[in-house]
1. What number comes out for accessible area per residue over the chain if the probe is 1.4 Å? Units Å², please.
2. Taking the chain as a Gaussian network, Cα atoms linked when under 10 Å apart, which of Val175, Val83, Val212 shows the biggest mean-square fluctuation?
3. Are any of the pairs Lys39/Lys232; Lys5/Lys154; Lys154/Lys232; Lys142/Lys195; Lys39/Lys195 more than 26 Å apart by Cα-Cα distance, and if so, which?
4. Mind sorting out which of (i) 21.9, 66; (ii) 16.3, 53; (iii) 17.1, 54 is the real Rg and Dmax of the Cα atoms in Å computed from the coordinates?
5. For segment 76-233, which whole percent of the accessible surface, found with a 1.4 angstrom probe, sits on carbon and sulfur atoms?
6. Hey, can you rank 6-18, 195-207 by average C-beta count inside 10 Å, highest first?
7. Could you rank the peptides 54-66, 36-48 by their average count of other C-beta atoms within 10 Å per residue, with the highest value first?
8. Once every DSSP H run of n ≥ 4 in the chain is given -39500 (n - 2.57) and the sum is divided by its residues, what mean residue ellipticity at 222 nm do you get, rounded to the nearest 500 deg cm²/dmol?
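The values are calculated or read from the model by the stated rules, or taken from the named source; none is laboratory data. On a predicted model such as this, the values are computed, not experimentally measured, just so you know. With ideal geometry, Cβ positions are generated from the backbone for all residues, glycine too; neighbour counts draw on all protein chains shown. These area figures cover heavy atoms from the full protein model, side chains too; ligands, DNA and RNA do not enter into them. Shrake-Rupley method; radii C 1.70, N 1.55, O 1.52, S 1.80 Å.
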Amino acid sequence: MEHPKYKIALIVGAGEGLSASLARLLSKQGIHVALAARKIEKLGALCSETGAKAYACNATDPEEVERLFGLVEREIGTPDLVVYNASGRSRGPLVDLVPADVANAIAVSAYGGFLVAQQAARRMLPSQHGAILFTGASASVKGYAQSAPFAMGKFALRGLAQSMARELSPQGIHVAHFVIDGGIRSAVRTEPGDKPDSMLDPDAIAESYWNVLQQPRSAWSWELELRPWVEKF
């Protein structure tokens, strides 16, 4: 049974939630981790804990994304596992939305995912090995009222992932999209005492990402939905 071995991971859109859980899990597995975000000041503690290295990058800028991959290659090595976690939001009644804010939300959620995936795929194709993972949301499959920009971006990201999976899987690159259907627990966002496990545990999500990465190529998943046991859908 074939199990891919990953050596270097790049997490784009890194923060203190799911990305931190992924960084901890991957580093424990002996994988070198690079973290990318617009602002990296809050990543210092995580870098110290995991040995990761942080890079400032605007994922919606093609030149910055290309520069990011070049820096990671020179300083750590070529990533064979890339995770796109970034997303953009602009909430409000449809008639009140500011077009520039909508454009930015879509750019962060979807266009940035394309730019990162393109750079990743270019580096993985020669060896026919690698994995590109996308973090989706409930909005990937359900458009909520007063949240059109988020749905537009996440729907587009899901379409990108599906198209990439069909194109790149036969070439040895595992592409997977994760629908995170529910709120993620954090230090500032906790579940009620009378509803235990009613929010997604970021460490549990990270474990699911890892499980997908361990799939033999004869039975690859391109999409996985994750939700708490009490979440409605």
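1. 50 Å²
2. Largest GNM mean-square fluctuation: Val212.
3. Among Lys39/Lys232; Lys5/Lys154; Lys154/Lys232; Lys142/Lys195; Lys39/Lys195, the Cα-Cα distance tops 26 Å for Lys39/Lys232; Lys5/Lys154; Lys39/Lys195.
4. Among (i) 21.9, 66; (ii) 16.3, 53; (iii) 17.1, 54, the one calculated here is (iii).
5. With neighbouring chains kept in place, the figure for segment 76-233 is 54 percent.
6. Averaged packing, sorted descending, gives the order 6-18, 195-207.
7. Working: 54-66: 18.5, 36-48: 15.8.
Those peptides, ordered most packed to least, come out 54-66, 36-48.
8. Details: 7 runs with 86 residues, N = 233.
Only helices count here, giving -11500 deg cm²/dmol.
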